[in-house]
Structures are given as C-alpha cells and as structure tokens.
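The values are calculated or read from the model by the stated rules, or taken from the named source; none is laboratory data. Predicted model only: the values in this text are computed from it and were never measured. No Cβ is skipped: glycine too gets one built from the backbone with ideal geometry, and neighbour counts run over all protein chains shown. Areas reflect the complete protein model, heavy atoms only, side chains present, ligands, DNA and RNA absent. Shrake-Rupley method; radii C 1.70, N 1.55, O 1.52, S 1.80 Å.
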Amino acid sequence: MNRREFLLAAASAAVAVPTLSFSGKLFAAPASSQRFLFVFLRGGYDCNNLLVPYSSDFYYESRPTLAIARPDANNPNSAIALDSNWGLNPVLRDSIYPLWQRKQIAFVPFAGTDDLSRSHFETQDNIERGQAMGATGNYRSGFLARLSGQLHSVPTIAFTNDLPLSLQGSDKDVPNISLRGNTNSSFDARQSAILTDMYRGTPLASATADGLELRKTVSKDLQDEMAKASRGAPNASNFANETRRIATLMRDQYRLGFVDVGGWDTHVNQGSVTGGLANNLKNLGEGLAAYADALGDEWNNTTVVVVSEFGRTFRENGDKGTDHGHGTVHWVLGGKVKGGRIAGEQIAVNQQNLLQNRDYQVLNNYRDVLAGLLGRVWGLQGNRMQAVFPQAKPRDLQLV
C-alpha cells in the first residue's frame, strides 16, 4: 500500500470506525446465552422452487420449464418429499435436508409483508424498519436496533459493508464489518500505529482502537479458526466461508447479528435444479449448514431466520424466469427449533387462491411471526415487544 492508498484507506476508516466502536470486550455475554442471526436475501427469491408444492397440478401447468419434478426415488433431480404437499429442491439434499431430518428447521410459507409495491427498495426498507404499514415512524430506526435496545448484555453486529437500516437508530454502538472476499487486515503494524496517532486525544480515539482490533481479529484469528474447523477438508465457497467466520464471532463475542445475501432477482433463465437460482440455493444451504457446524454445542442456543423482501410470480414469464411477487417462504432454523414441519397458516396452491391471479398471498405477517418467535427466544412481551414491532399482533407458532 503506497502513501496515497494509505491516506485514502485512513480517510475511509475515519468514517467507518465509529460503527466499529466496540470489539466485544466491553460486553460480557454469558457463554451459553441465546444467539439470533437474521439472514436477508435481497432480490426476492423464488420460494416456489425452494419449497415445491408438488401436490399442485397448477404448479406444473404454470411452470413448463421451471417446475421441479414430483418426488421420485429413481430421479435424483426430483423434489425431496417433506410431507404430502411440499418438497425441497434437491440441491439442498446434503445441507438443509439433514437439518429437516433432525427437526432443526421449519419453513413458513405464505409469509411476508402488507407491502404490495413489489419494489425491492420499498419492501426491503419496510421489512428492516419493522413498522406497521402506513406508520409515520422514524425512517432511520430499524427493528433489530430497537430489539437490541430492549436487551441487556446482548452484543450486536452486522456482517455488512455498511450498517443496514434494520440496525440503525440504536442507542448502542453497533459494529459492522464485511467478511466477504479478502479478509486480510487493511493496515500493517506501522500503518495501524499511524492511524492510532492521528486520532489520539480525539473523541474517535477509542473507536479507532476498537475498530482496528476487530479487523485484526477477523483477519488473523478467524482464518486460524476456519483451518481448524475444516479438519483439512475444503470449505464450501463464498457464503459457506463467510458463515464460518460469522459463527466464530457469534460464538465468542456477539449474540445478535445481521447478514444479507444478494443475487436473487431471477427474471431471465432462472433454472430449476440447475442455473442461477439453484446455485444460489446450494450456496446458501451450504453456508447455513457450515454455520451450524462451526457453532458446535452453541448451535443449541442459536436461532436463524431467513427472509426475503417478497416472493416471485407463481407463473414463469416468457424469458424462463419469474417476476416480482408477494408472499414468500421464511426459514427458521436452530438446534432447539421445533422443526421438521411446515408452519403457519396455509391454503391450497391453486389459481383460485393466488393474489391478483399472480402471487402467493401473505397469510403469515412477518412482524407478527417474528414477534411471536422473539417472545420465545428472549421472553419479550407486552410493551417491550411493541417497542420492537409497534402495533404487531404476535403469533406464536411454537417454533422454538
């Protein structure tokens, strides 16, 4: 790194460091306390080719090139039967299906928001805010930030380049750090000393020190941890590598986390058991399985929720893809999750039950479902839960 590059990096760090203002040493969460990770699939993933409604003839009529075959023991590319109506995309056979067999994952179909804009940005923001539709609340206040404010000794972190909306507005210092790509430290010892001297005696001195320490931890200790956890076996690429590093931080320091995954907007050549969507699902499944494995015994104290802003149109489009939809499928997984089931309110998958003759309906509002779930995870009730999800009507699906 030359002097110009270093000065640019230092200027960037000056902006980013305040969001990295504690390294975890200031908060001592009990080793076996509850952990919660929120995984946001940005782009609106096609839930119909994750959780396959194989008992529906309408599904096969609507997707002449995208439909996944009905369960067939002689066809490895057919859906994996979960019950008499629903099957799992076979690309998840080695990652998510074992969690299903251990009853450590549940799926909630017909889930989502009241937002009918079908806009990625509006719906993502509405989910991250966690406010009731039409509310005139703070547009810089996220539901995870409000949740963090209701909890004591629950260190919180975002595994993102920038602090997401869901964690903005907290009265706590919430660090954010991206673990994607190169995890080498941005600064060597000499450059770190220069940066520390730059902020010595200023209000940012403590934030600078803690931010540099967190980056050092991620770049060195976590690489060592990954090598040990893999026992010589190659890691799954991309998201799986990321989730192993996330697991180390969530196991040792943090208890409430956020990570997002992009690339789910599949308008063209989406594919079924091969192609862009299948590759994304495989990568996601491997990452979540790696996360569970890397947590070890603390997987029993962990809950993970996977959501997307909306689903896709039930029918495939003329470009062999799908367009922006409404209802979707949420995932809930963890060591003590009461899984191995399809949870929440459901209806038959047919043309008569589509919303506006195109989408899944939303029968399980995400605010109500999350409120019920978080009530079980952390015992939040009444006014404390209303502070997180104003006007929500908690629905306890007994997921944990």
Going by average Cβ neighbours within 10 Å, how do the peptides 266-274, 375-383 rank, with the highest at the top? 266-274, 375-383
Keeping all protein chains in the complex and leaving out DNA, RNA and ligands, what accessible area do you get for residue 83 with a 1.4 Å probe, in Å² to the nearest 10? 60
Could you derive backbone 3J(HN,Hα) for segment 304-312 from the dihedral phi with the Karplus parameters 6.51, -1.76 and 1.60 (θ = phi - 60°), listing whole Hz in sequence and x where the residue is Gly or Pro? 10, 10, 10, 9, 9, 5, 6, x, 10
Could you give the Stokes-Einstein D for segment 78-139 in µm² per second, using the C-alpha Kirkwood radius, 25 °C, 0.890 mPa s? 169
Net +/- balance of residues flanking residue 142 in space, Cβ distance below 11 Å, scoring K and R +1, D and E -1: +1
When only C-alpha pairs under 8 Å and at least 6 residues apart count, what is the relative contact order of segment 63-139, in percent? 13
Summarise the accessible area of segment 110-150 (1.4 Å probe, protein heavy atoms) by the percent that is carbon and sulfur. 50
Rounded Å value of the spacing that divides the Cα centres of segment 143-167 and segment 269-307: 22
5 Å is the cut-off here: which amide hydrogens, built 1.01 Å from N in the peptide plane, fall below it relative to residue 168, excluding neighbours closer than 5 in sequence? 142, 145
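State whether segment 243-400 is rounded, prolate or oblate according to the following rule on the C-alpha gyration tensor (a ≥ b ≥ c being the square roots of its eigenvalues): a/c under 1.5 gives rounded; otherwise a/b larger than b/c gives prolate, and the remaining case gives oblate.
oblate
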Rounded, prolate or oblate: which fits segment 122-167, taking a ≥ b ≥ c as square roots of the Cα gyration tensor eigenvalues, rounded meaning a/c under 1.5, else prolate when a/b beats b/c? oblate
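Calculate how large, on average over all directions, the projected area of the Cα convex hull of segment 245-336 is; give the answer in nm² to one decimal.
6.5
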Under 13 Å from the Cβ of residue 152, count the other residues' Cβ atoms, weight Lys and Arg +1, Asp and Glu -1, and hand me the total. +2
Top to bottom by accessible area (1.4 Å), largest first, where do 198, 385 land? 198, 385
